[in-house]
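Remarks on the structure that follows.
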Amino acid sequence: MQVLVVLDHPDPRAFSAAVASRFSAGAETAGHRVELADLHAEGFDPRWTLADIEGDRSGVPPADVQREQTRIARADAICFVFPLFWWGMPAMTKGWVDRVWSWGWAYDQLEDPELSLQRPRTGVFLVPAGARSDEMEECGYQQAIETQWLKGAFGYFGFRTRELLVLNGSKGSKKRREALLDRAFEAGKALKDPGGPD
Ligand SMILES: Cc1cc2nc3c(=O)[nH]c(=O)nc-3n(C[C@H](O)[C@H](O)[C@H](O)COP(=O)(O)O)c2cc1C
């Protein structure tokens, strides 16, 4: 499969960057081809502006959005890597989703959010988080992001195979972080095929 890894972190030495790299190594071990979209390094502008609205109206999105859509078009699987910020996506990923997965390209109706315009793909969220998993469960954060991201976002994206892996304790000991990196590698190695169209 062709795998697109979308990394959102300004620091190449960050844990999130290591997670993206280990996931990619796992995917390559399984025989997949990996393309990295390093949003900060590439200078992606996450701000949704009048140019995006005019792009929706005319059917011709801004050039930078078209470039991202071309990358998505060739991908069979997409993996998002970003640190959990305020129990949600950091602004860069949020803006990439807002601008690139646009009305008329990703979806064009609201009655059935599972009816995407896009072909079936595999989607994975790999999300380092400072909090413990029991804290996230108890407060309902885990359930909230599952609903928003797996059902809300991946549903509209048309992803058939969906996975959310929160890497809790990302600021913990070296041993803890190594174990989380191993999980990222295994997630890449175990990537599932989205299957063909219905
Ligand atoms: C602005 C900001 C907001 C954060 N919000 C959360 C949060 O809501 N929940 C959480 O578990 N960790 C939160 N964290 C901790 C990050 O998730 C953690 O620092 C990150 O996973 C570490 O990975 P990194 O080295 O790649 O940045 C936050 C960190 C920052 C800087």
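Quick note: the coordinates plus some simple rules give every number you see, no bench work behind them. Worth saying up front: this structure is predicted, and the values here are computed from it rather than measured. Cβ coordinates were reconstructed from backbone atoms using ideal geometry, including for glycine residues, and neighbour counts include every protein chain displayed.
Each Lys and Arg contributes +1 and each Asp and Glu -1, all at the Cβ; summed about the Cα centre of region 50-198, the dipole is approximately 740 debye. Once label points are set 7 Å from the Cα along Cα→Cβ at both THR161 and GLU186, what is their separation, rounded to one decimal in nm? Here the answer is 1.7 nm between the modelled labels. The fraction of Cα-Cα pairs per 10 angstrom bin, counted from 0 for region 1-98, comes to 15, 44, 32, 9, 1 percent, rounded to whole percents. Rounded to the nearest 500, the 222 nm mean residue ellipticity of the chain from helices alone is -11500 deg cm²/dmol, with -39,500 (n - 2.57) taken per DSSP H run of at least 4 residues.
With all projection directions averaged, the alpha carbon convex hull of region 111-185 covers 5.6 nm².
If both residues of a DSSP beta bridge must be in region 13-159, then about 10% of such bridges are antiparallel.
Comparing mean-square fluctuations of GLU135, GLU68, GLU163 from a GNM of the chain with C-alpha springs under 10 Å, the top value falls on GLU135. Straight-distance candidates among the lysines for linking to LYS192, with alpha-carbon spacing under 19 Å and chain neighbours fewer than 8 residues away dropped: LYS151.
Of the residues GLU35, GLU138, GLU178, the one that moves most in a GNM of the chain with alpha-carbon contacts below 10 Å is GLU138. Computed over the chain, the percent of Cα pairs more than 30 Å apart is 17. Counting other Cβ atoms within 10 Å as a rough exposure proxy, the listed residues CYS139, CYS79 run CYS139, CYS79 from fewest neighbours to most. How many angstrom lie between the C-alpha centres of region 48-76 and region 168-192? Here the answer is 33 Å between Cα centres.
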